[in-house]
Amino acid sequence: MAAASSAAFADGSISLRIYPHNELDAPGVAAELLGHAAAASDSGFDGVMTSEHHGGFAGYLPNPLQVAGWMLDRMPRGWAAACPVLLPLRPVAMLAEEVAWLAVRHPGRVGVGVAPGALDLDFNVMDVPRDDAMPRFRNGLPRLARMLRGEELGELEGDRALAACAKAPIPVISTAMSPPAVRRAAASGAGIIYDGASDPARIRELTERYVEAGGQHPRVLIRRVWLGDPPREAFERQRDVYASYTPEAAQRHWRDTGFVCHDDPAALAEELAATMRDTGATCLNLRVQVPGVTADAAREQIRALGAEVLPRLRAAQGS
């Protein structure tokens, strides 16, 4: 199946979120991460994303950028993005250098997304005051976006990988689920990524605010999906986990567990295509994994989505 584009977050691209299976030991976790990335590439997904939390929290990774590099080495085609990285936990310049050098190894196949973070555990273990998160994020996002465009490098102007970004910019996106957040991303020259549970009407409102603020970069819609009989108890448990640290104002816009479930692949493809149109998103990022979904079940979903849903979804998109 042909990809919409090899570039990260490209218009019309359909990517997959990949999570560790903490029911396994560490070598097993690593093996399944790479196996799922290869399966996604083979199944027609345009790219993969990994995301950050610490302490084995809810199946997330402490090192999503490192794992994205592992995945790119295993994927015969497609892009990878650490998205989101928790920007307040690391120096901006160091993150920019690491992303730029990964792109040297895999030209045109790297992107990055960032978030301010919300989980106390992440800040406690890194000895970063939780109250510093938003100030650090507000200052760091525009600087990261500029550096990955090869701009304002300062004392890092001698870094060959960062300098190369002037000719081959690396796309940066930011989590954004409020009007101030989308305006911040627009002003920074960054794209945006929406959460996986919010109502399409809320996302459409945020898209409009982003465009009004001059935003011209990717608008990534996450959707949690399942083809066939879904493991509803696992989905409900994960919703409760997210609710434990997500502000109530954001939760008011959630839809049930956030999962879109259909037995019919055509119905699933049509709902996803309609949601893309309704929200004004430019690309789609799908998720099937939550704790309680086994590695084998996730792999079956990846292959089924690739074989039965992606072709219909691309046809509905007109790609």
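The values are calculated or read from the model by the stated rules, or taken from the named source; none is laboratory data. Quick caveat: nothing in here was measured; it's all calculated off a predicted structure. Cβ coordinates were reconstructed from backbone atoms using ideal geometry, including for glycine residues, and neighbour counts include every protein chain displayed. Accessible surface areas use protein heavy atoms only, side chains included; no ligands, DNA or RNA. Shrake-Rupley method; radii C 1.70, N 1.55, O 1.52, S 1.80 Å.
Details
- First in region 162-177 and at pLDDT 95 or above and hydroxyl-bearing (Ser, Thr, Tyr), second anywhere and open to solvent by 10 Å² or more (accessible area, probe 1.4 Å) and in a loop (DSSP other than H, G, I, E, B), Cβ under 8 Å, 6 or more apart: THR175/PRO116; THR175/ASP195
- Enumeration of residues in region 157-174 that are open to solvent by less than 40 Å² (accessible area, probe 1.4 Å) and either farther than 22 Å from ILE192 by Cβ or in a strand (DSSP E or B) (or both): ASP159, ALA161, LEU162, VAL172, ILE173, SER174
- From the list VAL211, VAL125, VAL110, VAL114, the one residue that fits, being touching a His at 6+ places or on another chain (Cβ under 8 Å) and modelled with pLDDT of 95 or more, is VAL125.
- Meeting the requirement of 3 or more residues that are open to solvent by less than 10 Å² (accessible area, probe 1.4 Å) and aliphatic (A, V, I, L, M), the strands (runs of 3 or more DSSP E) wholly within region 1-111 are 79-86.
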